[in-house]
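Q: I have a structure here, written as structure tokens, and I will follow up with some questions on it.
The values are calculated or read from the model by the stated rules, or taken from the named source; none is laboratory data. From a predicted model like this one, the values you see are computed outputs, not experimental measurements. Heads up, the Cβs are rebuilt from the backbone with ideal geometry, glycines too, and the neighbour counts pull from every protein chain shown.
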Number of protein chains: 2
Amino acid sequence: MVDTAVRKPDTYSEILEVAEHLFEQLGFQKTTVADIAHEMQMSPANIYRFFAAKGEINQAVADRLLAKVIVEIRKIARASGPASAKLRVLIFTVEKLNSQRFSSDRKLHDLLEAAYNAHWPIVAAHDEAVNKVFAQVISDGMAAGEFREGDSDLAAILVRSACIRFFHPRLVVEYAQDPEPTVDQMVDLCLAALAKQPQLAARLAGKQHIIIS
Amino acid sequence: MVDTAVRKPDTYSEILEVAEHLFEQLGFQKTTVADIAHEMQMSPANIYRFFAAKGEINQAVADRLLAKVIVEIRKIARASGPASAKLRVLIFTVEKLNSQRFSSDRKLHDLLEAAYNAHWPIVAAHDEAVNKVFAQVISDGMAAGEFREGDSDLAAILVRSACIRFFHPRLVVEYAQDPEPTVDQMVDLCLAALAKQPQLAARLAGKQHIIIS
């Protein structure tokens, strides 16, 4: 085995990429540091130069998965269109990424379920990042007179909590068979709560568009 | 040991009472059918006349715990007062019973956490019962002109789902340290979504009372 890590600035990222790939195949619990090292043709000792323990790799891979959600929803927040339409697309996107992972990448889903169950610090940080994106869109909607004036940070926390049944990996599993509420219905509830004119919001529901550049 | 079950019509309930008491002390997983039989001075075979397996006792005890919640909220639904105030008290009551169980009866909480995690049928039945009580109050509020007209059954499902962070035993544990959202804030969101006049609802928040007879 050749130890090439010192000469590679991106070894850290490569370890995580390989780890994610192995987690997808074997599951995070069955993947060992030796497996990752073997796949990368390096020594386990070299991996331990970047991660003090396997648990740190688990957390970093989970963090990468959640970071992809944030990248997607930030794009939506920057789109042009009414705030209510953006908020709908935001909520749908978080839900879609979660449910896709559950149906297509069950083993990566398991990693996130463990992260939420054990309250890994990356989960709170992720929730905080989601809150910020939601708060920005809600604040824009308040400024535009679309939403009633108020505390946009609190409104963001409330909307995310109200939608937790679609965002939390454990609940995605538990309620997979429940037909109601749909994401659309829950978005309608949240928009009715935020809207300056709930009746108008109800009539416009699903008829507004946003343009993501 | 004297087998007295045949002469006692309420042996079924007594088994559950004793089981709940033992679950509280030892935890449901460590309590055996032999423990319950010993406490009741009967033979395990007698217990098996009522329950085919220990798992059935677990489910029946969990069901009893959840039934207590339904008894409490039905009292509130029958109270006199504005629907929005009743809905607030309903949501607070479910939350309070859950969080009290978590802080004072951790071992019974564990049983309910297992029930939710494993999606025991009693959980869906309980959710359905909660929905019905919520729907009744929402429907009354719609009839009284307090809430916008609409599908009260769907509104009930949405309100319960929005509040799941306070109702679901697993989430009560996970978010025990999170200061926000508070129950009050989440109720405000739901009432703003339901109210015919959200501005008025906001001004009245927490200032209305109900009388439970």
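Q: Determine, yes or no, whether B:LEU87 is under 12 Å from the mean Cα position of the chain (by Cα), surrounded by 17 or more Cβ atoms within 10 Å (Cβ to Cβ) and part of a helix (DSSP H, G or I).
A: Numbers: under 12 Å from the mean Cα position of the chain (by Cα): no; surrounded by 17 or more Cβ atoms within 10 Å (Cβ to Cβ): yes; part of a helix (DSSP H, G or I): yes.
Spelling it out, it is not the case that B:LEU87 is under 12 Å from the mean Cα position of the chain (by Cα), surrounded by 17 or more Cβ atoms within 10 Å (Cβ to Cβ) and part of a helix (DSSP H, G or I).
Q: Give the number of residues within the stretch B:90-100 that are out of contact with any Pro (no Cβ under 8 Å at 6 or more places or on another chain) and crowded, with 18+ Cβ neighbours inside 10 Å. Walk me through it before giving the result.
A: Applying the first criterion (out of contact with any Pro (no Cβ under 8 Å at 6 or more places or on another chain)) to the stretch B:90-100 yields B:90-97, B:99-100.
Subsequent filtering for residues that are crowded, with 18+ Cβ neighbours inside 10 Å retains B:90-91, B:94-95.
Residues flagged as out of contact with any Pro (no Cβ under 8 Å at 6 or more places or on another chain) and crowded, with 18+ Cβ neighbours inside 10 Å within the stretch B:90-100 amount to 4.
Q: Given the options A:LEU194, A:LEU171, name the one that is of a type in the set (A, V, I, L, M) and in contact (Cβ under 8 Å) with a residue 24 or more places away in the chain. First the steps, then the outcome.
A: Working: A:LEU171 fails: in contact (Cβ under 8 Å) with a residue 24 or more places away in the chain.
So the residue among A:LEU194, A:LEU171 that is of a type in the set (A, V, I, L, M) and in contact (Cβ under 8 Å) with a residue 24 or more places away in the chain is A:LEU194.
Q: Take the residues in the stretch A:138-152 that are outside any loop (DSSP other than H, G, I, E, B) and crowded, with 16+ Cβ neighbours inside 10 Å, then tell me which one is farthest from the other protein chains (Cβ to nearest Cβ). Write out each step before concluding.
A: Start the filter on the stretch A:138-152 by keeping residues that are outside any loop (DSSP other than H, G, I, E, B), which leaves A:138-143, A:147, A:152.
Going one step further and asking which of them are crowded, with 16+ Cβ neighbours inside 10 Å, we end up with A:138-142, A:147, A:152.
Working: A:ILE138: 12, A:SER139: 16, A:ASP140: 19, A:GLY141: 14, A:MET142: 14, A:PHE147: 11, A:SER152: 13 Å.
Among them, the one singled out is A:ASP140.
Q: Pick from B:ALA129, B:ALA124: which is surrounded by fewer than 22 Cβ atoms within 10 Å (Cβ to Cβ), among the small types (Gly, Ala, Ser) and at pLDDT 95 or above? Walk me through how you get there before you give the answer.
A: On the way: B:ALA124 fails: at pLDDT 95 or above.
Sole residue among the options that is surrounded by fewer than 22 Cβ atoms within 10 Å (Cβ to Cβ), among the small types (Gly, Ala, Ser) and at pLDDT 95 or above: B:ALA129.
Q: Going through A:ASP188, A:ASP151, A:ASP140, A:ASP184 one at a time, which residue ends up being more than 17 Å from A:ILE91 (Cα to Cα) and either of a type in the set (D, E, K, R) or not assigned by TED's automatic domain parsing to the domain that holds A:ASN98 (or both)?
A: Numbers: A:ASP188 fails: more than 17 Å from A:ILE91 (Cα to Cα); A:ASP140 fails: more than 17 Å from A:ILE91 (Cα to Cα); A:ASP184 fails: more than 17 Å from A:ILE91 (Cα to Cα).
Result: A:ASP151 is the single residue among A:ASP188, A:ASP151, A:ASP140, A:ASP184 that is more than 17 Å from A:ILE91 (Cα to Cα) and either of a type in the set (D, E, K, R) or not assigned by TED's automatic domain parsing to the domain that holds A:ASN98 (or both).
Q: Of (1) in contact (Cβ under 8 Å) with a residue 60 or more places away in the chain; (2) in a helix (DSSP H, G or I); (3) surrounded by 15 or more Cβ atoms within 10 Å (Cβ to Cβ), A:GLN25 satisfies all except one. Which?
A: (3)
Q: Step by step: first the residues of the stretch A:31-73, then only those that are more than 26 Å from the chain's Cα centre (by Cα) and assigned to a loop (DSSP other than H, G, I, E, B), then the one that is surrounded by the fewest Cβ atoms within 10 Å (Cβ to Cβ). Which residue is that?
A: Among residues in the stretch A:31-73 that are more than 26 Å from the chain's Cα centre (by Cα) and assigned to a loop (DSSP other than H, G, I, E, B), the one surrounded by the fewest Cβ atoms within 10 Å (Cβ to Cβ) is A:GLN41.
Q: Looking at (1) crowded, with 23+ Cβ neighbours inside 10 Å; (2) out of contact with any strand residue (DSSP E or B) (no Cβ under 8 Å at 6 or more places or on another chain); (3) closer than 21 Å to B:GLU149 by Cβ, which is the one condition that is false for A:HIS168?
A: (3)
Q: Which of the residues spanning the stretch A:154-191 are among the acidic types (Asp, Glu), facing chain B (nearest Cβ under 9 Å) and either part of a helix (DSSP H, G or I) or within 16 Å of B:TYR175 (Cα to Cα) (or both)? Before the answer, list the steps.
A: Step one: list which residues in the stretch A:154-191 are among the acidic types (Asp, Glu), which gives A:174, A:178, A:180, A:184, A:188.
After this cut, where a residue has to be facing chain B (nearest Cβ under 9 Å) as well, the list is A:174, A:178, A:180, A:188.
Matches in the stretch A:154-191: A:GLU174, A:ASP188.
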